[in-house]
Each structure stands twice: as C-alpha cells, then as structure tokens.
1. Taking the condition touching a Ser or Thr at 6+ places or on another chain (Cβ under 7 Å) and either more than 18 Å from GLY121 (Cα to Cα) or buried (at least 17 other Cβ atoms within 10 Å of the Cβ) (or both), does PRO160 pass?
2. Restricting the search to the stretch 70-84, which residues are of a type outside the set (Phe, Trp, Tyr), assigned to a loop (DSSP other than H, G, I, E, B) and buried (at least 24 other Cβ atoms within 10 Å of the Cβ)?
3. Residue by residue through the stretch 188-232, note down the ones that are buried (at least 21 other Cβ atoms within 10 Å of the Cβ) and among the hydroxyl-bearing types (Ser, Thr, Tyr).
4. Filter the stretch 90-111 for residues that are open to solvent by less than 60 Å² (accessible area, probe 1.4 Å) and hydrophobic (A, V, I, L, M, F, W, C); which is farthest from LEU40 (Cα to Cα)?
5. Limited to the stretch 27-37, what total is found for residues that are surrounded by fewer than 13 Cβ atoms within 10 Å (Cβ to Cβ) and β-branched (Val, Ile, Thr)?
6. Among the residues of the stretch 303-321, count how many are at positive phi and touching a strand residue (DSSP E or B) at 6+ places or on another chain (Cβ under 7 Å).
7. Could you check how many residues of the stretch 86-119 are hydroxyl-bearing (Ser, Thr, Tyr) and in contact with a helix residue (DSSP H, G or I) (Cβ under 7 Å, 6 or more places away or on another chain)?
Amino acid sequence: MAVALALLAAMSALSSCTSPATAELTRLEHPVVDGAPLRLLVVGDWGRKGGYNQTRVAEQMGKVAEETEIDFVVSTGDNFLENGLAGVDDMAFHDSFMDVYTAKSLHKPWYLVLGNHDYRGNVLAQIDPALRKIDSRFICMRSFIVSAGIVDFFFVDTTPFQLQYWTDPGEDHYDWRGVAPRDAYIANLLEDVDAAMKKSTATWKIAVGHHTMRSVSAHGDTQELLELLLPVLKENGVDFYINGHDHCLEHISSRNSPIQYFTSGGGSKAWRGIFQQNEDKLQFFYDGQGFLSLELSENRARFAFYDVFGQALYHWSFSKPNLQKVQSSASVTEE
C-alpha cells in the first residue's frame, strides 16, 4: 500500500507539470424505478462479426434479458477485434454490434469501456458521439460514471496502465491520442476516480475496466492495476470489480478486503486452456463462452454466469448489511 501511494504521489507531481488539471468524470444518470431492483447483463471481448459463437452468445443474452427485463448492458471492452474501428463509418460497427445484438430485449443502453484491441484502432472514432446517431444504444467513453439509483458504476480506462503496450508493443500500434504522456494521464485519472468515489453516496459501488485485476486464466493478474488502481478501490469501499480481457468467466474473492472480482470476457473467442492460480480465493472458473447477469436491490446483489447454451453455470449472492456471502452454487458443462 505504501509503495502504491508513493508511486501515485510521484505520478501526481509529474502530472502537475506536464498536463492540464484534473476534471470531474462525466456522470450519466440512468433512470430507475424507485424500489425496483436494477438488472443488467455484462459481456466482454465480443466484436468478431458474429464469429467464434458471438452470435450464439448474443442469442442467449437476448433470452436472459427478456426473462429478467434488464435495464441495460455493460461491455467490458475489446468491442471490435482485432484492431478496433477504423472510423465512424467502419462497417464493423454494423457487423459486430448492430447486426448481432438484434433481440428487442437488448435494445437498451449499452455502456462500454475500451479494451486494448480497441486502442489498436481509431479510439477517437469509437468514443465519437456520432456512433450514437447510428445506434443510440452505444455509449462508449474512456472513463465515466453511470449512476443508477442505489448503485454507481465507475468505468475506468485501464489500457493505458499496461506499460508493455507503451514500451514493447511489437507489431501492434496503439492510438494514444488524448492519453500521452502515460504517467500524467494515469495520475490524473486516479485522482478523478478517487474524487468521484469519495463523493458517491450510492449503496453499491462497482468499478468496471477491461483488464483483469485478479485472474487465473491466460493474462493472469495485472500488476499495474494491483499497484495503482486497487488501493483506490479499497480506500473507497468498492464492492465489485468487473472486467474482461481474459476470454472466460470467473469469480475471485479477495482474501484481504471485501472486494469481489468478476471476469466476463466470454463474448466470442474462448477456450484458451490455460489455468494459473493466484493468491486470492477462486470461487468459480469457466474457460468458455458466456456472459454475466447481475441484479441489485437495496441490500443484496445477485450474480449469475450463463454459457453459450443459456445454461446458468454459477449463482452467487451477497448481502450488503453484514457483507457476507449468503448463497453460492455452481455447475459446469463442457461445450
């Protein structure tokens, strides 16, 4: 913790010399019905023009969305693979989004963060409000807040944290316009996120990013996030961190804080066949395609992972008053 704070202080000092002052994160108010639970789906790493079972996952999402009457969808990034969008007129927007998620039940707002593959394209195009004129569901920004009654979602732009993308990108090109220099951007972002979380009076605080914080799959833990972002989440009482990046479904519990980590990155290509244990407690892992369902009420959160066939693989619920897990069950079927 001390090391992380020292790094943040050094980065903050640098940012004051090299970039403009921080600004409040954009806050979006999602309308809710008083007393009614909030329901949503979470999917990540999906944009493959319907391939790698993306269409099948989308079909099951539509069915679950209809059954649960969701309020919106969250995307954990890598929205357009392999190299993002080329521009606002890129047909991949139609082929990977509009023409895939066609169920009426999915015609709700989609709140999206950027993934590393999105940064390999034209980032400014993907966050351009012009895309909302093509499909009003698509709401994508770098970092922002969605306030929905009892819950605040803090969407965090995690790609710039990964040092390797800057120093050793190989043949990949990353669009760092509006981000470089890295240290200043991250310092300002952390300050903005911390300030927003401190102002939040929501019952639930949920952080959403593309990259893993904790994972037992191919990418494993993201050290930069553990060192820089996690201390901010812990200090501000964040309940859940939800991400993509690893193409799987998983739930990991922190051993030294109440934070729960959920990976929903099974929107298309999966089955990597890699497992690596980490220091925290693994509750559930499925190395396949699927998505996450979340229901939030005043005092309880209910999570469920679904596979490409629409089968519920895992249920987990969490009671807010005593911060104790109240129910957990899992079953896994091979594809």
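The values are calculated or read from the model by the stated rules, or taken from the named source; none is laboratory data. All values derive from a computational prediction rather than experimental measurement. Positions of Cβ are generated from backbone atoms using ideal geometry, with glycine treated the same way; all protein chains shown enter the neighbour counts. What goes into the accessible areas is simple: the full protein's heavy atoms, side chains included, and nothing from ligands, DNA or RNA. Shrake-Rupley method; radii C 1.70, N 1.55, O 1.52, S 1.80 Å.
1. Working: touching a Ser or Thr at 6+ places or on another chain (Cβ under 7 Å): no; either more than 18 Å from GLY121 (Cα to Cα) or buried (at least 17 other Cβ atoms within 10 Å of the Cβ) (or both): yes.
No, not satisfied.
2. THR76, GLY77, ASP78, ASN79, LEU81, GLY84
3. Hits for the stretch 188-232 are THR212, SER215, SER217, THR222.
4. Here the answer is ALA92.
5. Total meeting the criteria: 1.
6. The qualifying residues number 0.
7. Qualifying residue count for the region: 3.
Yes/no matrix, rows are residues, columns are (1) modelled with pLDDT of 95 or more; (2) open to solvent by 10 Å² or more (accessible area, probe 1.4 Å); (3) not hydrophobic (A, V, I, L, M, F, W, C):
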residue	(1), (2), (3)
SER264	yes, no, yes
LYS269	yes, yes, yes
GLN277	no, yes, yes
GLY290	yes, no, yes
SER293	yes, yes, yes
SER297	yes, yes, yes
ARG300	yes, yes, yes
ASP307	yes, no, yes
GLU335	no, yes, yes
